[in-house]
Amino acid sequence: MLLASALGLSLAVGSAQARDLVILATPEEPYKFIENGEYKGIDIEVIDEVMRRLGLSYTVELIESGARIQQEAVSGRADMLLLFSKKPDRMEFLYYPQESYIDISWNFFIRAADEGKVKFETFQDLGGLQIGITQGFSYTPEFLGAGLNFQTVPRNTLQIGMLMARRIDAVPMNTISTLYEEKKAGRLDELSYLPKPLITKPYYNAFAKASNYPDIEGLVARYDETIRAMKADGTLDAILVKYLGKRHGNKIRGGS
């Protein structure tokens with residue numbers, strides 16, 4: 001269990017604030033992680049800026065278990081959870097904001113040299129291409145039943161290498177994670193992805209209904225206003241570009 005407070009990840013306390021806002025999250029690059037003792041990631045930088053603009057202090061704690069995090073929210077020991085999808089059972093104990101800035105999507109990656117040559121509006125557009133899939137992964141039934149030419153590999157980490165080696169022509173991958181990893185590998189300029197995702201779902205930073213933090217419902221509304229302002233002034237795009245690269249970062253932002 002990693003405590004952000006021990007690492008000094010907090011802001012100055014406003015005069016009317018009774019205590020730090022307690023934020024929990026699961027560690028996952030490039031969203032929230034610790035590197036050389038420092039908290040980093042898209043969500044960490046977004047939350048840091050949101051709280052700076054709101055004038056609130058906070059602590060972040062990374063916990064491996066998503067179930068444990070939800071239990072902490074139900075009990076009121078956590079005030080806010082980072083990067084959770086909206087589900088009916090979760091809405092019983094979480095306030096969801098209107099604004100989402102991250103869509104977790106799976107897009108078809110292609111070689112940059114094939115931009116304009118490959119498209120995806122319907123599965124028929126992918127006919128005649130070699131499409132990579134990974135053994136044991138759950139894809140949509142429509143995709144698997146589309147009669148495409150699939151090439152199955154045992155590990156997802158092999159897919160981009162096969163794409164660059166021209167052994168496959170397109171492969172659906174977790175968009176943000178793939179962009180982040182390929183940026184670190186230095187070959188992001190060699191890749192592109194088709195704009196229509198195979199599947200996409202918005203993720204939210206949600207607030208615990210059981211929290212005793214002062215005016216937690218009002219904080220949700222103030223959070224939404226701040227995220228809208230950060231979208232409008234380019235702050236969110238700049239954070240995404242930092243982690244995902246200039247060619248691709250501004251394509252990932254989710255909407256409300």
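If you add up the charges near Gln151, with Lys and Arg at +1 and Asp and Glu at -1, over every other residue whose beta carbon is less than 11 angstrom from its beta carbon, what do you get?
Working: positive: Arg167; negative: Asp169.
Taking every other residue near Gln151 into account, the sum is 0.
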(request) Determine one quarter of the surface area of the Cα convex hull of the stretch 122-217, which equals its mean projected area, and express it in nm² to one decimal. (result) 9.5 nm²
(request) Using R₀ = 51 Å, calculate the FRET efficiency as 1/(1 + (r/R₀)^6) where r is the Cβ-Cβ separation of Met162 and Glu217; round to 0.05. (result) 0.55
(message) Below 8 Å between Cα atoms, with a sequence gap of 6+, how large is the relative contact order for the stretch 104-199 in percent?
(response) 50 percent
(message) Below 8 Å between Cα atoms, with a sequence gap of 6+, how large is the relative contact order for the stretch 136-256 in percent?
(response) 23 percent
(message) Which one, Asn174, Asn36, Asn149, has the greatest fluctuation when you compute a Gaussian network model over the chain with C-alpha springs under 10 angstrom?
(response) Asn36
(message) If I fit a long axis through the Cα atoms of helix 66-75 and take the longest principal axis of the Cα atoms of the chain, what angle between them do I get, 0 to 90°, rounded to 10?
(response) 30 degrees
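We did not get these values from a lab; they are worked out from the coordinates using the rules stated. As the structure is a prediction and not an experimental result, all values here were calculated from the model. Note that we place each Cβ from the backbone using ideal geometry, even for glycine, and neighbour counts take in every protein chain shown.
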